1. Here are some residues: E184, E137. Which one is open to solvent by 30 Å² or more (accessible area, probe 1.4 Å) and at pLDDT 80 or above?
2. Would you mention how many residues in the stretch 25-57 are open to solvent by less than 80 Å² (accessible area, probe 1.4 Å) and more than 30 Å from L202 (Cβ to Cβ)?
3. Would you please list the contacts, defined by Cβ atoms under 7 Å and residues six or more apart or on different chains, that run from a residue in the stretch 114-125 that is touching a residue at least 12 places away in the same chain (Cβ under 8 Å) to a residue that is part of a helix (DSSP H, G or I) and open to solvent by 50 Å² or more (accessible area, probe 1.4 Å)?
4. In the stretch 149-162, is there at least one residue being of a type in the set (A, V, I, L, M) and more than 28 Å from S27 (Cβ to Cβ)?
Amino acid sequence: SHGIGDYEFILSLVIWYDVLVQVNMVSKSLQSINTNLQISTSMLNSLLDFLKKYRTNCHGFENAKITANELAKDLDVEPVFAQKRYKKAKKMFDYERNNDLHRNNGEEIFKQEYFIVILDQAIVSMEERFIQFRWYEENFGFLFNIKKLKETNDEDLMKHCKDLQNILSSGDSKDIEAVDLYTELILFRNLVEENMTALQALEVTKKTKHTQH
């Protein structure tokens, strides 16, 4: 067990801070009303890139050590690793398994059985979210990107609508009709401007419907 007066506890806090700051930045951006699926997918991909680089390069771990050493000095804590083996932690990737770790090298043990494990878990979690967002972006993205919607030719637009109809169908039950959606989108893209937000576009559509009635 580790406490506030333990160097490894201080280092673990620094690592968590580095990771969670990046995760929090992306999380807040994803909640913005001006963020579309394409931007969300891109941001998650950037976060994944950061996590993988932080994990695989010595840069991430070494920088965390520098910060931890400064904190340890302020707290009058000796910046040393425990010379004991941690309880075996499950590795995410088989190539990380190495029973011949330097068992007396506390820093290497901490790095392999704490740092790597934490980053692996974060990467797997973000990859799952990225795959979900990418699927949504590929299948629904044309509905939310006004610029892309206006530039898509009629044939490709109909294909998107048919694909979406298939995705939202179960047996003979269909949530949408591809032809109806296509017709609505042809009208919609002639009413809106490329630089409009989703809310502005909906407002234009709402006003148009009121005028038609």
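The values are calculated or read from the model by the stated rules, or taken from the named source; none is laboratory data. Bear in mind that the values here come from a model prediction, so they are computed numbers and not experimental data. We place every Cβ from the backbone using ideal geometry, glycine too, and count neighbours over all the protein chains shown. Accessible surface is based on the protein model in full, side chains and every heavy atom, while ligands, DNA and RNA are left aside. Shrake-Rupley method; radii C 1.70, N 1.55, O 1.52, S 1.80 Å.
1. The unique qualifying residue is E184.
2. Count: 7.
3. Listed pairs, sorted by first residue: I123/K52.
4. yes
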